[in-house]
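Reading through the structure tokens given below for one structure.
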Amino acid sequence: MDNRPIAIIDSGLGGLAVARAIWRQLPQESTLYLADHAFFPYGDKTAGQISARLPQLLDWLIKRQVKAVVIACNTITMATIKTLRQRYWLPFIGTEPAIKPALAYPDAVVLTTVATAKHLTKQPGVLIFPCPGLAEAIEVETGKKLKATIKSYLDKIPGKYSALVLGCTHYILVKAIISGLVGEKVKIIEPSAAIARQTRAVLAGKQLLNLSGKPKRSFYTTGPARRVRGIIFTRCSL
Ligand code: DGL
């Protein structure tokens, strides 16, 4: 039994979609969420810039004695998870656009950040569709304005499609809006439940599961402290 927290990291709020799945599947685990708002967005950064930034986050997390790190961000995973695994002894669980399940559909669209799109290989029947600025809008907009912004991106997708992959964790936060806009016939594919299952498997394999005790959830941001979606984020300087 190991009651140290699981770290969940993202450039901003998107990783909360993954955190929710982890809380559902591993309710006994403590979690420490770290949003790197000071460096947000990651989607317009180069892989070099992201790789240079991550060790600062990791060193801070290690001081807080986390037992594993869930990278709840496609952009970080694609840019640097391999390097992180070489450099740190911690178990890492990554997030990648769920393209494999989309291949079961005749025509699929993968929504990603610009940075993630650069790492994906073209597959027949799959359109990679980068959405510059969409994660930023999801951070700050609400209600009708947010819905109109999301619609403006979806309207630009050429042709018809039967599956839509949410290849950025921010997009999972607005899954209900997306699905309302594209209609029931389009299958929305997103990996948060699979990431939570993988987290459990990795922890179980290393005997790191917490089987009892009172879980604690803490939330930090490298940006200004704030309350968002009912969660109080404490400012941390790395
Ligand atoms: N949430 C992040 C992802 O899954 C990226 C958002 C950003 O551009 O920072 O890729």
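The values are calculated or read from the model by the stated rules, or taken from the named source; none is laboratory data. What you see is a predicted model; the values in this text were computed from it and never measured. Glycine also receives a Cβ, built like all others from the backbone with ideal geometry; neighbour counts cover every protein chain displayed.
Looking only at residues in segment 1-17 that are within 15 Å of the ligand (Cβ to nearest atom) and out of contact with any Pro (no Cβ under 8 Å at 6 or more places or on another chain), the one that is nearest to Y42 (Cα to Cα) is D10.
Any residue at all in segment 25-34 that's within 16 Å of the ligand (Cβ to nearest atom), at pLDDT 95 or above, in a helix (DSSP H, G or I) and of a type in the set (A, V, I, L, M)? For segment 25-34, residues within 16 Å of the ligand (Cβ to nearest atom), at pLDDT 95 or above, in a helix (DSSP H, G or I) and of a type in the set (A, V, I, L, M): absent. Among the residues of segment 114-125, the one identified as surrounded by 21 or more Cβ atoms within 10 Å (Cβ to Cβ) and either among the β-branched types (V, I, T) or assigned to a loop (DSSP other than H, G, I, E, B) (or both) is T116. Of all the residues in segment 63-81, those that are more than 11 Å from the chain's Cα centre (by Cα), within 16 Å of the ligand (Cβ to nearest atom) and farther than 12 Å from A47 by Cα number 1. For segment 200-218, the count of residues that are loosely packed, with under 13 Cβ neighbours inside 10 Å, in a loop (DSSP other than H, G, I, E, B) and among the aliphatic types (A, V, I, L, M) is at least one. Assess whether D36 counts as being farther than 28 Å from Y161 by Cβ and under 15 Å from the mean Cα position of the chain (by Cα). Criteria met by D36. Restricting segment 85-113 to residues that are within 11 Å of the ligand (Cβ to nearest atom) and either hydroxyl-bearing (S, T, Y) or more than 26 Å from Q56 (Cβ to Cβ) (or both), which is surrounded by the most Cβ atoms within 10 Å (Cβ to Cβ)? Looking at residues that are within 11 Å of the ligand (Cβ to nearest atom) and either hydroxyl-bearing (S, T, Y) or more than 26 Å from Q56 (Cβ to Cβ) (or both), I get T95. Inspection of segment 36-50 identifies no residue that is more than 9 Å from the ligand (Cβ to nearest atom), of a type in the set (A, V, I, L, M, F, W, C) and in contact with a Leu (Cβ under 6 Å, 6 or more places away or on another chain).
With the structure loaded, tell me whether I22 is β-branched (V, I, T) and within 16 Å of the ligand (Cβ to nearest atom) or whether it fails that test. Yes, satisfied. Restricting segment 35-70 to residues that are in a helix (DSSP H, G or I) and among the small types (G, A, S), which is farthest from T95 (Cα to Cα)? Here the answer is A38. Exactly one residue out of A137, A148 is within 26 Å of R226 (Cα to Cα), crowded, with 17+ Cβ neighbours inside 10 Å and of a type in the set (G, A, S), and it is A137. Contact annotation: residue pairs with Cβ atoms under 6 Å, 6 or more positions apart or on different chains, pairing a residue in segment 71-85 that is over 11 Å from S11 (Cβ atoms) with a partner that is within 12 Å of the ligand (Cβ to nearest atom) and of a type in the set (S, T, N, Q), are T77/T95; M78/T116. Restricting segment 20-57 to residues that are among the small types (G, A, S) and free of Cβ contacts under 8 Å to residues at least 60 places away in the same chain leaves a set whose member that is farthest from S212 (Cα to Cα) is G48.
Restricted to segment 130-181, and to residues there that are within 14 Å of the ligand (Cβ to nearest atom) and in a strand (DSSP E or B), the residue that is farthest from G94 (Cα to Cα) is P130. Per this entry, G125 is not counted among residues that are free of Cβ contacts under 8 Å to residues at least 12 places away in the same chain, away from the ligand (no atom under 15 Å from the Cβ) and on the phi > 0 side of the Ramachandran plot.
If the condition is being part of a loop (DSSP other than H, G, I, E, B) and at pLDDT below 95, then segment 219-238 contributes R229, G230, S237, L238.
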